[in-house]
Amino acid sequence: MIDSLSVQNVDRAPVGQRCSEHVERKGLGHPDTICDSVMEAVSQALCREYVQRVGRVLHHNIDKGLLCAGQTQPQPGGGTVLAPMRFIFGDRATTEFGDLRFDVGGIAEAAASEWLRSHLRFVDPQQHTRYQNEIRPGSPELCDIFARGEITANDTSAGVGYAPLSETEQLVLLAERYLNSPEFQKQFPEAGEDVKVMAVRRDRTLWMTLAVAFVDRFVPDQRTYFERKAAMRDALLGRLLRELRNVHSLKLDINTLDDPGRGEGGMYLTVLGTSAEGADGGQVGRGNRVNGLISLHRPMSLEAVAGKNPVSHVGKVYNVLACQIAEQIHASIDPVEEVTVWLCSQIGRRLSEPWSASVELSLKGGVDLPDVQDAVEQVLARELAALPQFQQRLINGELPVC
């Protein structure tokens, strides 16, 4: 049962139909995305260890991670790593359960190394990274939640999700994923994984500015850099133009700080393909929301979702679940053009019974709220009833969170 449920039709055009939009995505190798992804990988590794040895997930929240930039000396033809990056693991996890002991620090380091090795082509997790474990046991009261018959919310927090993605949002996701695809990296091996996309739409014109970290070993000189950058832009533009629907004009720029007159200082070169090697640190929760975007015209939570436990932490469960509920409402109820869902719980309350839920709808012309309200509430009830299955998917890492 939900204490407070609100379903309303808002007299507002969907985001994609408004006069302007601003959408950002921090790509796979961006320091903030690295932090989110690594700490989520640590959470999943802890879940597997807890389930294997105890039969269930134990208390942990690994959503405090910090990536301190190293130091490199990039140069055309290949530079040098002068000092490694440092990854600091923080927050809380169960280290003892009865007679069992858990090597949380070792699990965290192994999970981080595996993620870095699998996703960043030029980063050697042992040579280029140092690890610092600051994970400590949780408080008795929060740990006790996991010893009860039914696990309840371990925080008072809210989550929000929306559907569908606008054309601008879809194009931003496509741009970054294409640049980090095997297809693109085979054609442009100099393109590092650290990509950031910022898109601004004005009516039907879309401007997109991208930062792409070039890997210096594939760039012998300045001429090659600017030739390859132009070819990279043409390839990306051609890929995006095939997907345009309501956008009529797309303008694309890459690495706008570049200056051919400044020699090596006028090119965005890296040794390892990520700015974390020497220019920029990262922190959990400062990057993409759970749908992979930072959409400034949408409501969003400031919760650091990545790394939170997938069983009891409402800050994780409700943010991902709200997105799923919104997608289900939009997909199954035809008159709904756009939907936003908020879920809020109290600490100690069952997650399947939110303290509050709100749904905002943008409906097609000629459709009134009573025409769809029952169907919306049925979707909400169905998704909440299936919460255990949803949590299992989170535990298995089947649902993206950054």
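The values are calculated or read from the model by the stated rules, or taken from the named source; none is laboratory data. Since this is a predicted model, take the numbers as computed values, not measurements. Cβ: placed from backbone, ideal geometry, glycine included. Neighbour counts: every protein chain shown.
Some observations on this one:
- Close pairs (7 angstrom Cβ cut-off, 6 or more residues apart or separate chains): under 15 Å from H248 (Cα atoms) in the stretch 1-22, modelled with pLDDT under 95 and outside any strand (DSSP E or B) anywhere: none
- S166, sole failed condition from (1) closer than 30 Å to Y225 by Cβ; (2) surrounded by 17 or more Cβ atoms within 10 Å (Cβ to Cβ); (3) among the small types (G, A, S): (1)
- Test: residue in the stretch 372-379 that is part of a helix (DSSP H, G or I), over 22 Å from the mean Cα position of the chain (by Cα), more than 19 Å from S295 (Cα to Cα) and polar (S, T, N, Q): yes
- Of S332, S345, all but one fail to be buried (at least 19 other Cβ atoms within 10 Å of the Cβ), among the small types (G, A, S) and over 17 Å from Q17 (Cβ atoms); the exception is S345.
- Of all residues in the stretch 230-248, those that are more than 18 Å from R201 (Cβ to Cβ) have Cβ atoms under 8 Å from Cβ atoms of residues that are among the β-branched types (V, I, T) and surrounded by 13 or more Cβ atoms within 10 Å (Cβ to Cβ), 6 or more apart or on another chain, in M232/V212; M232/I254; R233/I254.
- Residue pairs whose Cβ atoms lie under 6 Å apart, sitting 6 or more positions apart in sequence or on different chains, and linking a residue in the stretch 164-180 that is small (G, A, S) to a partner that is assigned to a helix (DSSP H, G or I), are S166/V15; S166/G16.
- Options R217, R177: the member that is within 20 Å of the chain's Cα centre (by Cα), within 30 Å of G79 (Cα to Cα) and among the basic types (K, R): R177
- Single residue of E303, E277 found to be in contact with a helix residue (DSSP H, G or I) (Cβ under 6 Å, 6 or more places away or on another chain) and closer than 26 Å to A108 by Cα: E303
- The lone exception for D99 - which of (1) within 25 Å of the chain's Cα centre (by Cα); (2) without any contact (Cβ under 8 Å) to a residue 40 or more places away in the chain; (3) farther than 27 Å from K64 by Cβ it fails: (1)
- Only one of the numbered conditions (1) assigned to a helix (DSSP H, G or I); (2) in contact (Cβ under 8 Å) with a residue 24 or more places away in the chain is violated by E353, and that is (1).
- When residues in the stretch 51-84 are screened for being surrounded by fewer than 22 Cβ atoms within 10 Å (Cβ to Cβ) and among the hydroxyl-bearing types (S, T, Y), 1 of them pass.
- Test: residue in the stretch 95-108 that is buried (at least 22 other Cβ atoms within 10 Å of the Cβ) and modelled with pLDDT of 95 or more: yes
- Options V401, V359; residue that is in a loop (DSSP other than H, G, I, E, B), crowded, with 18+ Cβ neighbours inside 10 Å and touching a strand residue (DSSP E or B) at 6+ places or on another chain (Cβ under 9 Å): V401
- Of all residues in the stretch 269-301, those satisfying the criterion of being part of a loop (DSSP other than H, G, I, E, B) and within 21 Å of P84 (Cβ to Cβ) are V271, L272, G273, T274, G278, A279, D280, G281, V284.
- The residue pairs whose first member lies in the stretch 197-226 and is under 14 Å from Y268 (Cβ atoms), whose second member is part of a strand (DSSP E or B) and among the polar types (S, T, N, Q), and whose beta carbons are closer than 7 Å, counting only pairs six or more residues apart or on different chains, are A213/T270; F214/T270; V215/T270; D216/T270.
- For the stretch 54-159, the strands (runs of 3 or more DSSP E) that sit wholly inside it and include 1 or more residues that are in contact with a Lys or Arg (Cβ under 8 Å, 6 or more places away or on another chain) and among the basic types (K, R) are 85-93, 129-133.
- Among the candidates D124, D36, D91, the residue that is without any contact (Cβ under 8 Å) to a residue 40 or more places away in the chain and either of a type in the set (D, E) or surrounded by 20 or more Cβ atoms within 10 Å (Cβ to Cβ) (or both) is uniquely D124.
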